[in-house]
């Protein structure tokens, strides 16, 4: 006579292929227990007649969740590169626990799908592609992306090899456009000329500050710009 455990035991009755290549649905009496990739089925030793125990169900469900999250992670990276921190937050937001998220992130990093150093270099390049930027601005941009500290400093050093020179380059770009707009009268003497020069210097100071340059650097360049505007 069957025991109570035998009566409640569920056995796998079918393993059917899904439309997605390599994936299968594991069923018991027509009910889907889990969807797994073929390698997972082989890893778990699943076959028709295998007893679907609580331990086996937990392992299979964990594997299915991990594979689905990994697939979502790859799809996300294909749209936009992410840092380790960004990917971890992405996975946690989609139901992964801390351990699962960390494991997936580590695997993505090992495969090269996540690379904080390469991402840091790309962020710095994008930020300085059109106009020079100081280390303050670049650091903020890198920190917003959650870049690993070990990757952050080398990217800053490469992106701003000479901060004073970068600031001067930005000043030259700015003054070139401003001086072209100022007529001779406004660059000469008198109240009108003084107001015009003061306006240019205020805008230059604001630009240099927004682009992340240090106050001492800005002060020095404003003195230089004032002399150039007066000539």
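Read-outs: derived from the displayed coordinates by stated rules, not from any lab. From a predicted model like this one, the values you see are computed outputs, not experimental measurements. Methodologically, a virtual Cβ is constructed for each residue, glycine included, from the backbone with ideal geometry; neighbour enumeration extends over all protein chains shown.
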| Ranked packing of 167-175, 217-225, most packed first, by mean Cβ within 10 Å | 167-175, 217-225
| remark: Given (i) 54, 37, 34; (ii) 60, 48, 35; (iii) 111, 30, 27 as possible values of Cα extents along the principal axes in Å, the one from the coordinates is (iii)
| query | When only C-alpha pairs under 8 Å and at least 6 residues apart count, what is the relative contact order of the chain, in percent? | reply | 13 percent
| said: Taking 8 Å as the Cα distance limit and 6 or more residues as the minimum spacing, I'd like the relative contact order of the range 65-114 as a percentage. | reply: 44 percent
| field | Protection-proxy order for peptides 26-32, 136-142, each taking the mean of Cβ atoms within 10 Å per residue, highest first | value | 136-142, 26-32
| query | Along the Cα-to-Cβ line of residue 80, 7 Å from the Cα, sits a label point; which residues in the range 107-128 have backbone N less than 19 Å from it? | reply | 113-128
| request: In nm, give the distance between the simple-model label positions of residue 47 and residue 118, each being 7 Å from the Cα along the Cα-to-Cβ direction. | output: 4.2 nm
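Defining a contact as two alpha carbons under 8 Å apart and six or more residues distant in sequence, what relative contact order in percent does the range 163-230 show?
Details: 42 pairs, mean separation 27.8, N = 68.
Rounded, it is 41 percent for the range 163-230.
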| How far is it, in nm, from the label point at residue 143 to the one at residue 31 when both lie 7 Å from their Cα along the line to the Cβ? | 5.3 nm
